[in-house]
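Asks: A single structure is presented below for examination.
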Amino acid sequence: MKAITQKVYGSADVLELRDIDRPPMGDDEVLVQVRAAGVDPGVWVCMTGRPYAARAAFGLRAPRVAVRGLALAGVVTAAGSGVTRFRPGDEVFGTCRTGSFAEYATARWTRLAAKPPGMSFEQAASVPISGVTALQGVRDAAAVRPGQRVMVIGAAGGIGSFAVQIAKASGARVTGVCGPSKADLVRSLGADDVIDYTREEVDRDGPRYDAIIDTAGCRPLSLLCRALTARGTLVLAGGGHDAGGLLGGYTRQLRAPLMSMFTARRLRGLVCKERAEDLEELARLIESGALTPVVGRTYPLHDAADAIRHLAQGHPAGKIILTVP
Ligand SMILES: NC(=O)c1ccc[n+]([C@@H]2O[C@H](COP(=O)([O-])OP(=O)(O)OC[C@H]3O[C@@H](n4cnc5c(N)ncnc54)[C@H](OP(=O)(O)O)[C@@H]3O)[C@@H](O)[C@H]2O)c1
């Protein structure tokens, strides 16, 4: 099969389109013919091995899994003996173990959900990382309730475009923070108000927000707290584009619980958990029309390096998706 692989950490130049064997499949796994794969900042982290702390998970000298990509949508072609849920021919989406930038990938069946027929493979591949992170940020970490004021920073991006819509569907009044070219997109997702961060800072209206979902990752915690109500919740989803040192932009996630001890505000880092129930909940929201994945640019599999270069510029609109013929 064709796959996007790498032997060493580095820029997108280290990626190679190669012919390799199909991945082996365990008893509790299915083999999926990949039709679309999500491109997200985690792919960049695994490709570059930065910030360096990420190498503890991905491999010290080189990535342990040679094929890039985690999120996929596709068709089951074989199922292990312990798989009770899926059969060959089923259309699924979720995360895989062996790299989704490939014609085939193996995935634990508990990390997959059935793809609704009305959802395209491209839309489905956008959900597993970004949609799930947004859902867990809005529903679990911030526990958003109807009538609350919610700010989403990075509102046009992969996570943000889901978070705006999920907060709206939860009955919140939503302010989206984005660059000037994205205001119309963010309003079309349901945002009641938009802040162009190149002209105004997020604390422009004082302590107003019950919850802030920050996916952009570059603002000091003190600045974000100035925009929160006295008992508001800050959810830090992103690390921004500082990949230097051991932790890059993720030092805020470490400082947040400490700072929480000295204020009634709740400051929490978010680590997305891969759960089939959440994929299913997002599929229901999408089928009901309450949520529409924003598929931004799509690239064919062999142009994966260009897709990652575009992502690394830091300003994608919606999700970047690879299509696999
Ligand atoms: N916590 C978790 O479990 C988890 C899971 C997945 C991803 N992440 C992390 O979450 C972050 C966001 O992921 P993503 O997929 O949403 O990334 P993305 O698709 O690249 O979106 C980031 C958005 O931030 C906006 N942005 C850039 N600079 C900004 C600034 N100064 N102020 C406000 N917005 C700014 C960009 O658009 P414009 O500037 O054009 O508006 C872009 O749309 C990444 O750091 C990623 O590693 C965390």
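Asks: Return the residues of the range 156-177 that are part of a loop (DSSP other than H, G, I, E, B) and within 7 Å of the ligand (Cβ to nearest atom); say none if nothing qualifies.
Replies: Within the range 156-177, ALA156, GLY157 meet the criteria.
Asks: Pick out the one residue from ARG255, ARG297, ARG268 that is over 27 Å from PRO128 (Cβ atoms) and either in contact with a helix residue (DSSP H, G or I) (Cβ under 9 Å, 6 or more places away or on another chain) or part of a loop (DSSP other than H, G, I, E, B) (or both).
Replies: Going through ARG255, ARG297, ARG268 in turn, just one is over 27 Å from PRO128 (Cβ atoms) and either in contact with a helix residue (DSSP H, G or I) (Cβ under 9 Å, 6 or more places away or on another chain) or part of a loop (DSSP other than H, G, I, E, B) (or both): ARG255.
Asks: Could you list all residues from the range 245-288 that are among the β-branched types (Val, Ile, Thr) and within 16 Å of the ligand (Cβ to nearest atom)?
Replies: Answer for the range 245-288, where residues must be among the β-branched types (Val, Ile, Thr) and within 16 Å of the ligand (Cβ to nearest atom): THR251, VAL271.
Asks: Counting only residues that are open to solvent by 50 Å² or more (accessible area, probe 1.4 Å) and touching a Pro at 6+ places or on another chain (Cβ under 9 Å), which one in the range 74-100 is farthest from PRO128 (Cα to Cα)?
Replies: Among those that are open to solvent by 50 Å² or more (accessible area, probe 1.4 Å) and touching a Pro at 6+ places or on another chain (Cβ under 9 Å), it is THR77.
Asks: Name every residue in the range 24-60 that is open to solvent by less than 30 Å² (accessible area, probe 1.4 Å), farther than 16 Å from ALA71 by Cβ and part of a loop (DSSP other than H, G, I, E, B), in order of residue number.
Replies: Across the range 24-60, the qualifying residues are GLY26, GLY49, PRO51, GLY59.
Asks: Quick test of your reading of the structure: PHE93 fulfils all but one of (1) within 15 Å of the chain's Cα centre (by Cα); (2) in a helix (DSSP H, G or I). Name the failing condition by number.
Replies: (2)
Asks: If you check ALA317, ALA290, ALA305, which single one turns out to be assigned to a helix (DSSP H, G or I), in the same structural domain as ALA73 (by TED's automatic domain parsing) and among the small types (Gly, Ala, Ser)?
Replies: Only one candidate passes the filter, namely ALA305.
Asks: Limited to the range 116-155, what total is found for residues that are assigned by TED's automatic domain parsing to the domain that holds VAL202, part of a loop (DSSP other than H, G, I, E, B) and either open to solvent by less than 10 Å² (accessible area, probe 1.4 Å) or away from the ligand (no atom under 16 Å from the Cβ) (or both)?
Replies: So the answer is 8.
Asks: Another question about this same structure. Tell me which residues, restricted to the range 275-325, are more than 29 Å from TYR9 (Cβ to Cβ), free of Cβ contacts under 8 Å to residues at least 24 places away in the same chain and open to solvent by 60 Å² or more (accessible area, probe 1.4 Å).
Replies: Scanning the range 275-325 gives GLU277, ARG284, SER288.
Asks: Same structure again: Can you pull out every residue in the range 206-225 that is surrounded by 15 or more Cβ atoms within 10 Å (Cβ to Cβ) and closer than 15 Å to VAL177 by Cβ?
Replies: Within the range 206-225, ARG208, TYR209, ALA211, ILE212, ILE213, ASP214, THR215, ALA216, GLY217, CYS218, ARG219, LEU224 qualify.
Asks: Examine the range 186-206 for a residue that is more than 9 Å from the ligand (Cβ to nearest atom), outside the structural domain of VAL43 (by TED's automatic domain parsing) and at positive phi, and state whether such a residue exists.
Replies: Looking for residues that are more than 9 Å from the ligand (Cβ to nearest atom), outside the structural domain of VAL43 (by TED's automatic domain parsing) and at positive phi, one finds at least one in the range 186-206, hence yes.
The values are calculated or read from the model by the stated rules, or taken from the named source; none is laboratory data. Here the structure is a predicted model, which is why all the values come from computation and not from measurement. Glycine gets a Cβ as well: all are built from the backbone with ideal geometry, and neighbour counts include every protein chain shown. These area figures cover heavy atoms from the full protein model, side chains too; ligands, DNA and RNA do not enter into them. Shrake-Rupley method; radii C 1.70, N 1.55, O 1.52, S 1.80 Å.
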